[in-house]
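Participant: First the structure, then my questions, so here it is.
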Amino acid sequence: MAYTVTNNPWSSQYSVGIGIDDPTRELDVKGDQPSIRLQNSGTAGNDETNLEYVDLHGQIHTQIGLQLKDDSDGGTYDSAFHIRTAVNGALATRFAIKDDGLVGIGTTNPDTLLDIMTADSSVSPSTSADELMIENSAICGMTIASGTSSSGNIFFGDSGDAAVGQISYN
């Protein structure tokens, strides 16, 4: 695979092209289904590989990371995915997918398939209703908003009827 290094006329920076002769960005990769590989050489477990979005002062504003849970023997492994953003200069995880597929918004340790957390309520979900949890340590709620002349609905269904029951506001 060929690569090209060119001087970017809009800045004092150079552009690197992989598979392209005229790169228009600092790193420009072209190909049929191209991919970029970041290989972590750590073997202790809980190693992270991150993409960081940094301002001109070197401050990280967003970080996208993959955490390798244990890759010490090169065999089976688990991983988790995180998106962090900065608030007052400190990174905080906003979105996480755990190795078991549970998704957390506002939490790195979701208890349900989708766990939306403002603050920990110290409540474990019912095993009969553990697909979605909306959680806060104080007042907590959900809004279903619809147009003035439209209805807001929650439907209950089974294999015989997609709308066997419902809660509706009109």
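The values are calculated or read from the model by the stated rules, or taken from the named source; none is laboratory data. If you're wondering where the values come from, they're calculated on a predicted model, not measured in any experiment. Cβ placement follows ideal geometry from the backbone for every residue including glycine, while neighbour counts extend to all protein chains displayed. When the accessible area is computed, the model is the full protein with side chains, heavy atoms only, and any ligands, DNA or RNA have been set aside. Shrake-Rupley method; radii C 1.70, N 1.55, O 1.52, S 1.80 Å.
Participant: Find, among the chymotrypsin sites (Phe, Trp or Tyr not before Pro) in segment 67-170, those assigned to loop by DSSP (not H, G, I, E, B) with at most 13 other beta-carbon atoms within 10 angstrom.
Facilitator: Y77
Participant: Could you tell me the center-to-center distance, by alpha carbons, between segment 91-130 and segment 12-31 in angstrom?
Facilitator: Segment 91-130 and segment 12-31 have Cα centres spaced 39 Å from each other.
Participant: Can you give me the Kirkwood hydrodynamic radius for the chain, using every pair of distinct Cα atoms, in Å to one decimal?
Facilitator: 20.7
Participant: Which whole-number percentage describes the relative contact order of segment 69-170, with Cα contacts under 8 Å and a sequence gap of 6 or more?
Facilitator: About 12 percent, as a whole number.
Participant: Take the chain, connect every pair of alpha-carbon atoms lying under 10 Å apart with a spring to form a Gaussian network, then pick out the residue of G160, G106, G65 with the largest mean-square fluctuation.
Facilitator: It is G160.
Participant: Between T62 and S159, with labels modelled 7 Å along Cα→Cβ, what's the label distance in nm to one decimal, could you check?
Facilitator: 4.3
Participant: Between T112, T62, T24, where does the largest GNM mean-square fluctuation fall for the chain, given springs only between Cα atoms within less than 10 Å?
Facilitator: T24
Participant: Simple spin-label model, 7 Å along Cα-to-Cβ: D111 to F95 in nm?
Facilitator: If labels sit at D111 and F95, their model points lie 2.4 nm apart.
Participant: Continuing with the same structure: Rule-of-thumb check for segment 76-170: C-alpha Rg over 2.2 N^0.38 Å?
Facilitator: Dividing the Cα radius of gyration by 2.2 N^0.38 Å gives 1.37.
Participant: Further question on the same structure: Using Cα pairs closer than 8 Å and at least 6 residues apart in sequence, work out the relative contact order for the chain, in percent.
Facilitator: 8
Participant: Kindly work out what percent of the DSSP beta bridges joining two residues of segment 53-144 are antiparallel, to the nearest 5.
Facilitator: 75
Participant: Let me ask something else about it. In whole percent, and with a 1.4 Å probe on the protein chains, what portion of the accessible area of the chain is carbon and sulfur?
Facilitator: In the chain, the share of accessible area belonging to carbon and sulfur is 51 percent.
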